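Peer 1: The following block contains the structure, expressed as C-alpha cells.
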Amino acid sequence: MSNLLHNDISLPVLLITGSITFLGFYLGKSMKWLRLPSIVGCMIVGMIAGPSFLNILTDDLQEHLSFITELALGFVAFSIGLELSIKSLKKQGVGIISVIFAESFGAFFAVAFAVYFLTKSIPMALILGSLAPASDPAGTIAVIKEYKTKGNLTKALYAVVGFDDGLAIIIFGFAASLAKMILTSQTSGTHESFLITLLEPIKEIVFSFGVGLVLSIIISFLIRKLKNTADVLILIFAFVMIANGISTLLHLSLILTNMVIGLTIINTQRREIVSKLEEQLSNIMPLFFVLFFAIAGAHLHIKALPAMGILGAVYIIFRAVGLIGGAYLGGFIGSLEEKVRKNIGLGILSQAGVAIGLALIIKQDFAGLGRMVENGTGQQVHMGDLIGMKAITIVAATSIFFLVVGPICAKISLTRGGEIKPNESVE
C-alpha cells in the first residue's frame with residue numbers, strides 16, 4: 001500500500017493523502033469568498049484528483065483509504081450523540097420525534113409513489129422509496145461545526161440527523177422484505193417469510209445500541225481515571241476504532257453504535273467529563289472533515305450522472321419534496337417554533353454512505369429473483385437484478401447531487417434560521 005502505480009509514475013500514498021489534505025484545506029478556506037461551506041472546496045479537490053479527472057485518487061486507492069471515511073463517520077456519529085442531551089430534547093418536546101417520523105416517511109412515500117407512477121413496478125417503488133430516508137449526517141454536522149452555530153434549529157438538526165438513520169433502516173427492512181416476497185412469489189422455489197427477513201434490520205439496530213451502551217460504560221469509567229486532558233483524545237480515538245471494528249465484524253451500523261456512546265455519556269456523566277470530550281473533539285474534527293470530503297469528492301464520478309436518467313431525476317425531486325415537506329409537517333404537528341419547522345428540512349438533504357450500503361444489499365440479496373424483464377439494452381434479466389442495478393446506479397449518481405447541494409442547503413437553512421449571520425465567514 002506504500003506506493004501507487006499510475007501512468008508509469010510511482011506516487012507514495014502518504015504524498016497523495018498529504019497533498020489532498022493541504023489543497024482541500026486551502027481551497028476550503030477560499031470558499032468563504034463564494035459564501036459556501038469549506039467542505040465544498042474539499043470535495044472539488046477530491047473530484048479533480050479522482051477518476052473523473054486526474055485519476056490520482058483511483059478507485060483502488062480509495063478502497064485502501066476507506067478506513068478514513070469510516071473513522072470520520074464514527075467521530076461524526078460520536079459528536080452527534082454528545083449533542084443529544086435528554087434534558088435539551090425535552091425542552092423541544094415531541095416536535096422533534098414528529099419531525100423525524102414525518103420527514104422519513106414523507107421521503108419514503110413521495111419517492112415510492114412517484115417511482116410506481118413512472119415504472120408501474122411495486123418492488124422497484126418500494127426499494128427506491130426505502131432508500132430515500134437515509135441521510136448522511138457528515139455534511140450537516142460539518143456546516144454546524146464550521147460556523148459554530150447555536151440555537152434551537154441547530155439542536156433540532158443534531159437530533160434529526162442523529163436518529164433518522166435508525167428509522168431509515170427500519171423502513172428499509174420492512175420495504176425490502178415486502179419487495180422480496182413479491183419477487184419470490186413470481187418464481188418457483190422456497191423463500192424466507194416476511195418476519196424472518198424483517199428480523200435482520202431489527203437485530204442490527206438492537207445490537208448497535210447494545211454495543212454502544214457497553215462501550216460507553218467502559219469509556220466513561222476510564223475517562224474518570226485520566227488526569228491529563230490530552231490523554232482523552234487517545235482514548236476517544238481508540239474507542240471509535242473499536243466501535244467501528246465491532247460494527248464491521250457483526251454487520252452493525254457504525255453510525256448508531258458510535259452515536260449511542262456519545263448519547264449515553266452526555267446523559268450520564270458529569271459536565272466536566274463531557275467538556276473534556278468536546279474540547280478534544282474540536283481539535284481533531286476539522287482534519288477528519290477535510291479528509292472525509294476530499295475522499296467523498298473522489299467518489300463523484302461525473303460520467304455516472306447521465307446514467308441515472310428520468311428515474312434519477314424523479315428520485316432527487318421527490319426525495320427533496322418528501323424530506324422538506326415532511327419535516328415542515330412534523331414541525332407543525334409538534335408545535336415547533338416557526339424558524340425550526342420552516343428551515344429544518346433544508347438541512348437534512350445530504351445522502352451518501354448509508355444509502356449506498358443499503359443499495360449494495362439490494363443488489364446482492366435480490367439477484368436472480370422475480371420474472372424475466374428487458375433491461376433497456378435488449379437483454380433479458382431477472383426483475384431483482386434490474387432493481388439492484390437501478391438502485392446502485394441511481395443512488396451513486398444522485399449522491400453526487402446531494403453531497404454537493406446538501407451542505408449548501410444546510411448553510412442556507414441555518415442562515416434563514418438566524419443561526420448563521422448573512423455576512424459571517426470563517427477565518
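The values are calculated or read from the model by the stated rules, or taken from the named source; none is laboratory data. As the structure is a prediction and not an experimental result, all values here were calculated from the model. Neighbour counts run over all protein chains shown; Cβ positions are idealised from the backbone, glycine included.
Peer 1: Within the stretch 134-175, work out how many residues are surrounded by 21 or more Cβ atoms within 10 Å (Cβ to Cβ), hydrophobic (A, V, I, L, M, F, W, C) and touching a Pro at 6+ places or on another chain (Cβ under 8 Å).
Peer 2: Of the residues in that region, 7 qualify.
Peer 1: Can you tell me how many residues within the stretch 26-59 are in a helix (DSSP H, G or I) and more than 22 Å from the chain's Cα centre (by Cα)?
Peer 2: Going through the stretch 26-59 one residue at a time, the tally reaches 10.
Peer 1: Please verify whether Glu83 is in contact (Cβ under 8 Å) with a residue 40 or more places away in the chain, in contact with a Lys or Arg (Cβ under 8 Å, 6 or more places away or on another chain) and under 19 Å from Leu256 (Cβ atoms), treating the condition exactly as stated.
Peer 2: Considered against the rule, which asks whether it is in contact (Cβ under 8 Å) with a residue 40 or more places away in the chain, in contact with a Lys or Arg (Cβ under 8 Å, 6 or more places away or on another chain) and under 19 Å from Leu256 (Cβ atoms), Glu83 comes out as yes.
Peer 1: Could you tell me which numbered condition His301 fails, if it satisfies all but one of (1) at pLDDT below 80; (2) in contact with a helix residue (DSSP H, G or I) (Cβ under 7 Å, 6 or more places away or on another chain)?
Peer 2: Only one criterion in (1) at pLDDT below 80; (2) in contact with a helix residue (DSSP H, G or I) (Cβ under 7 Å, 6 or more places away or on another chain) is unmet by His301, namely (2).
Peer 1: Here are some conditions: (1) surrounded by fewer than 21 Cβ atoms within 10 Å (Cβ to Cβ); (2) modelled with pLDDT under 80; (3) not small (Gly, Ala, Ser). Glu278 meets all but one. Which one does it not meet?
Peer 2: (2)
Peer 1: Just need a number here: residues in the stretch 95-136 that are farther than 13 Å from Ile387 by Cβ and among the β-branched types (Val, Ile, Thr).
Peer 2: Qualifying residue count for the region: 5.
Peer 1: Looking at Gly418, Gly376, Gly334, can you tell me which residue is on the phi > 0 side of the Ramachandran plot, over 21 Å from the mean Cα position of the chain (by Cα) and at pLDDT 85 or above?
Peer 2: Gly418
Peer 1: On to the next question. Taking the stated definitions as given, is Val115 more than 28 Å from Ala72 (Cα to Cα), touching a residue at least 60 places away in the same chain (Cβ under 8 Å) and within 20 Å of the chain's Cα centre (by Cα)?
Peer 2: Against the criterion (more than 28 Å from Ala72 (Cα to Cα), touching a residue at least 60 places away in the same chain (Cβ under 8 Å) and within 20 Å of the chain's Cα centre (by Cα)), Val115 does not qualify.
Peer 1: Report, by residue number, each residue of the stretch 378-405 that is of a type in the set (A, V, I, L, M, F, W, C), in a helix (DSSP H, G or I) and either farther than 16 Å from Phe293 by Cα or without any contact (Cβ under 8 Å) to a residue 60 or more places away in the chain (or both).
Peer 2: Those that are of a type in the set (A, V, I, L, M, F, W, C), in a helix (DSSP H, G or I) and either farther than 16 Å from Phe293 by Cα or without any contact (Cβ under 8 Å) to a residue 60 or more places away in the chain (or both): Met383, Leu386, Ile387, Met389, Ala391, Ile392, Ile394, Val395, Ala397, Val405.
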